[in-house]
Amino acid sequence: MPTRSSLAIAFRALRRNRLQTSLTIIGMTIGVAAVLAMIAIGTGAEAAIEDQIRAAGMNLIVVTAGNYKVKATDDFGGGAVEPSAALRRHDDVAQSSGACEKISVVCATRVMSFFSPTLLAHPEDDPMEKHDHPTARQRLGDSEAGLGSAATLTAEDAEAIRGIRGVQYVAEGLHQNVHVKAGDKRWFTRLNGTDLHLPLIRRAWTIPSGRFFNAGEQSRAEQVIVLGSVAAQRVFSDKNPVGRDVTIWNQPFRVVGVVTTTSWMVAPAPGDDQFDAVYMPFSTVHRLLNLAKLNDITITAASTGEVSPIMSEVTRLLRVRHGIGDEKPDDFTVTTQARQALARGGLRPDVARAVVGNVSGLEKVTLEQLGKTLDRATRTMTALLAGIAAVSLLVGGIGIMNIMLLSVTERTREIGVRRAVGARARDVRSQFVLEAVVLSVTGGVIGVIVGLAAAQGLSRYLHWSTTISPVAVILSVGVAAAVGIFFGWYPAKQAARLDPIQSLRYE
Amino acid sequence: MSADAALIAVHDITKIYAMEGAPVHALRGVTIDIHRGEFVAVVGPSGSGKSTFMHILGCLDRPTGGRYLLDGRDVSHLPDDDLSAIRNRQIGFVFQGFNLLARTSAVENVELPLLYAHDSRISPGERRRRAMTALAAVGLENRAEHHPNQLSGGQQQRVAIARALLNDPAILLADEPTGNLDSRTSVEVMDIFQRLKKERGITIVLITHEPQVAEYGSRIVRFKDGRVVSDHPNSSRRTAAEELAAVALGAAEDQA
């Protein structure tokens, strides 16, 4: 029997019982709409949590030039401080022979590095040397030139990191303390040479006026600047700074935008490092100060779970790029934002180092595990919601079965007539299965529409975050069809089994 | 097939229903030949086996014993699907209760057999055209879109006849076709049957318990207790057309 005419038969039969047909379809609609809306809410919550984790910087990795941990071992005698990953290989030796031996190992390494032709020979690149960035030291003349002032990271390193799988954004970082002048106003603040993607990394940022500098300005190393809201307030009071010029290093810079935040987690305040600050393309800083190195590189992972693998991949990559042999320690430090915050959070540097050294494992647990735990929790919630909704789908299916069984009884004579005019048992069966499938798929399609509308409504009016994936939509309709076949099969079998003569006589 | 070979050749068929242990012998050895173009009226009291006989002729049921050759082919033990195909192509049914699908237009009811014509692909347009032709043959072309509950009993039965004729069957099996009709419309239905026999040479087997309806047949077969008790040509044959003309003359009444 051609499928088309089977469908025609099924449609005709359903049209004849409009009320029953529509009620059954409504049952199915509710089921599918509920499942879809629940999945939308669940995945939406998942995405929202992931978002918040990202906003909190849980996916942030910072690579800083220099290796202060090596120094820490050197300076404070090891004791409470955990050796860096690179040094761990020497642990057995170091522990058996004591601190003195350890230092001598380090010293030997240093000598080796100096003469080894495979290593960078520039003394600045020696991770063992406790030195500040010469120009930075000259310019700043203060104690700022500690961590991150070793000149080992390059823009090419950053570019290479962009190629690592799972890396979302990479921003080069150059930091200077500068005087920003406009008219008679002057403000001493932090200058960050960075990448145009920084606003995407600082997810809590908003740009109330103007914009961040763009790719063209970055590649041409133009003298454009973005002001943090605190710096903007200090220099321009309440005037809109966009379009005006500021002077730094006796050079004019065009203000293209202002950044601030509406997040409750970070409030702009004088002395903070994000909004009492100014931003310009790192290329501009390079050009004007005639620099080639970076202080740090900020990286975000596309997913919080990938932070650890990316950290180790960055380490591996930079070691290769910097030509660091197996026995040598890193000439850079890979850390997460939280760890960096600790190191910077007002503790005395040596205490901070000690804390960071001891807490590194714990911090991993709290941040990454927390991220994973939240992921799991939301996934469980999604499953739960979808499970509850699936019950309504089941009820819809039972509704279909009920109506089909009733229909078989009601239409016994019709079945007899169809058999008498030449319908085979299987024609009758396929008609009833098709009717059930038409019911369920129609209900499913309407349910998809209703479910999409419900999800839209929830996100618009209740501000719940909902995410609708095409997979969920296709799956819902597929499940609806499967429900139709499953619950339509038994009634259809009953219908096909009827004896033509008996059904013709049926009153 | 030679011209004088019977269209229906039934030889010694029996039908036994196993009912609660005690078997019921509905047919106890029926032998009968029906030729093309015959109008056979089967009469008998209820329980005489005439309905069972018709079901077997109509391939709705299989005999327990004996042989049934339909147009030379033994159909006594064919599988269900083959019997369905035979019903679809070679047999038209007309029932006492009309058996039209409710809430379905006349023309859609008539189309029904074509939906199950498995071996030939018929387009919906062709289906509709043939259904309309069949409706016109019973004088209901202007009632095509009416639903059964909008039609009189006689009209419903004519729709059922149009449906039975749709696939040009060789045999028309009518089970008490006038049972639910008044005498006037009964005559109209008989007129259609007689015209079908005369104009198209359709073989008609009419089952009835009313002797006066049986009189329209060209041959009367009498059943009793599952056996044929008499089988002879109808000597006092009534002609529906003449009776209708007489009635129309008497009182110039409106038909339909």
Flag if B:Pro45 is touching a residue at least 40 places away in the same chain (Cβ under 8 Å), farther than 16 Å from B:His11 by Cα, more than 14 Å from every other protein chain (Cβ to nearest Cβ) and out of contact with any Asp or Glu (no Cβ under 7 Å at 6 or more places or on another chain): yes
Test result for A:Trp464, open to solvent by 60 Å² or more (accessible area, probe 1.4 Å), more than 14 Å from chain B (Cβ to nearest Cβ) and closer than 30 Å to B:His55 by Cβ: no
Residue within segment B:150-173 that is crowded, with 17+ Cβ neighbours inside 10 Å and at positive phi present: no
Residue, farthest from B:His55 (Cα to Cα), within segment A:477-500, restricted to residues that are within 14 Å of another protein chain (Cβ to nearest Cβ) and surrounded by fewer than 18 Cβ atoms within 10 Å (Cβ to Cβ): A:Arg497
Residues (of a type in the set (S, T, N, Q) and either buried (at least 21 other Cβ atoms within 10 Å of the Cβ) or outside the structural domain of A:Arg460 (by TED's automatic domain parsing) (or both)) located in segment A:22-42: A:Thr24, A:Thr29
Residue list for segment A:412-445, restricted to those being under 18 Å from A:Phe11 (Cα atoms), within 14 Å of another protein chain (Cβ to nearest Cβ) and either open to solvent by 20 Å² or more (accessible area, probe 1.4 Å) or touching an Asp or Glu at 6+ places or on another chain (Cβ under 8 Å) (or both): A:Arg418, A:Arg426, A:Arg429, A:Ser430, A:Leu434
Some residue of segment B:6-14 being within 14 Å of another protein chain (Cβ to nearest Cβ) and touching a strand residue (DSSP E or B) at 6+ places or on another chain (Cβ under 6 Å): no
Those residues of segment B:124-138 which are at the interface with chain A (Cβ under 10 Å from one of its Cβ atoms) and either under 19 Å from the mean Cα position of the chain (by Cα) or open to solvent by 40 Å² or more (accessible area, probe 1.4 Å) (or both), in sequence order: B:Pro124
Residue match in segment B:92-113 (condition: buried (at least 20 other Cβ atoms within 10 Å of the Cβ), within 14 Å of chain A (Cβ to nearest Cβ) and farther than 27 Å from B:Leu140 by Cα): no
Any hit, segment A:484-504, residues being farther than 27 Å from A:Arg419 by Cβ and hydrophobic (A, V, I, L, M, F, W, C): no
Test set (1) open to solvent by less than 30 Å² (accessible area, probe 1.4 Å); (2) in a loop (DSSP other than H, G, I, E, B) - A:Arg165 fails condition number: (1)
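The values are calculated or read from the model by the stated rules, or taken from the named source; none is laboratory data. All of these numbers come straight from a predicted model, not from anything done at the bench. Glycine gets a Cβ as well: all are built from the backbone with ideal geometry, and neighbour counts include every protein chain shown. Keep in mind that these areas ignore ligands, DNA and RNA; they rest on the heavy atoms of the full protein, side chains included. Shrake-Rupley method; radii C 1.70, N 1.55, O 1.52, S 1.80 Å.
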